[in-house]
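The block underneath contains the structure these notes are about, expressed in structure tokens.
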């Protein structure tokens, strides 16, 4: 293992914290989204066939097959592009560093979280709703400030894994190619992975594959939040792995609840409850203290959100360094 490969993950983390994402510069995720948009009309035409029969296989909904085929195409194109560009003479090293850095988003998550918090606490309610809605897919047109603060806490704690821990895990495991194949699946899930009639079949493959790839990192994220909570102010306490697991498994997603449950308990703020998605009201499971009822005293406020932002930053940096150290030790043991 060369020095470049050894220190690439830490360099990527440092670049992300320093430069975040360049808003005026095209991001590779946009390329994945562009390709998904180009594939969707073709996939819809095949989906419209309804049930299809393949030799030796029972009848399947065509949407399952077309969605899986689109995901496969995007994985091959994304992974192949990152690999080929990284092998180019002269610029290959620069592009490799760029792809490693661009796949992480801790800096961007913290920046957007601070901007949204400032809008909620200081701006007009319409501006606050707009700022928080940029981070979530739910309808916040009728949300008041307490709901906006709770929503912000939820998206920050859930995206601790999605924006950093899972990408960094796959950067360690598969280099920039592995990282961007994970990011391709994650992007497809964010575009197509909704449990609505429109995406029920076409988004199935992306949603389930994303669940698989994020399974270990999601659980690791809750442990890292617990481990590094000793270095930040917080109002709650760690209730034990069993209780966090019980909360996390209430969620429809097998991975989304781990970071949320840990943050809810550690920062003494309840998560979940009523939310509106695409015009449909959903009662999400309650996570954290008082999760058996909608008790008062567990509301999110500015101080709790600021502590959560600080917590995510410290756990993110410290957790990535810890993961990197374990990865180096693993490589050292099994390379010789």
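All of the numbers you see were taken from the coordinates with simple rules; none came from a lab. Remember, predicted model here, so these are calculated numbers, not experimental data. Glycine also receives a Cβ, built like all others from the backbone with ideal geometry; neighbour counts cover every protein chain displayed.
So the values come out like this:
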quantity	calculated
Backbone N within segment 96-110 under 14 Å of label point (7 Å from residue 19 Cα along the Cβ vector)	96-105, 107-108
Peptides 298-306, 177-185, 227-235 ordered by average Cβ neighbours within 10 Å, highest first	177-185, 298-306, 227-235
Sorted by Cβ neighbour density within 10 Å, fewest at the top, the residues 134, 260	134, 260
CD proxy at 222 nm, helix term only [per DSSP H run n ≥ 4: -39500 (n - 2.57); per residue of the chain; nearest 500]	-21500 deg cm²/dmol
Simple spin-label estimate for residue 48 and residue 243 in nanometres, 7 Å along Cα-Cβ	5.4 nm
Directionally averaged shadow of the chain, computed from the convex hull of its alpha-carbon atoms, nm²	19.8 nm²
Segment 53-138: relative contact order in percent, alpha carbon pairs under 8 Å with at least 6 residues between	12 percent
Segment 84-135 and segment 172-236: distance between their alpha carbon centers, rounded to Å	16 Å
Highest average packing first - 266-272, 311-317, Cβ atoms within 10 Å	266-272, 311-317
Taking the chain and dividing mean pair separation by its residue count, relative contact order in percent (alpha carbons under 8 Å, at least six apart)	19 percent
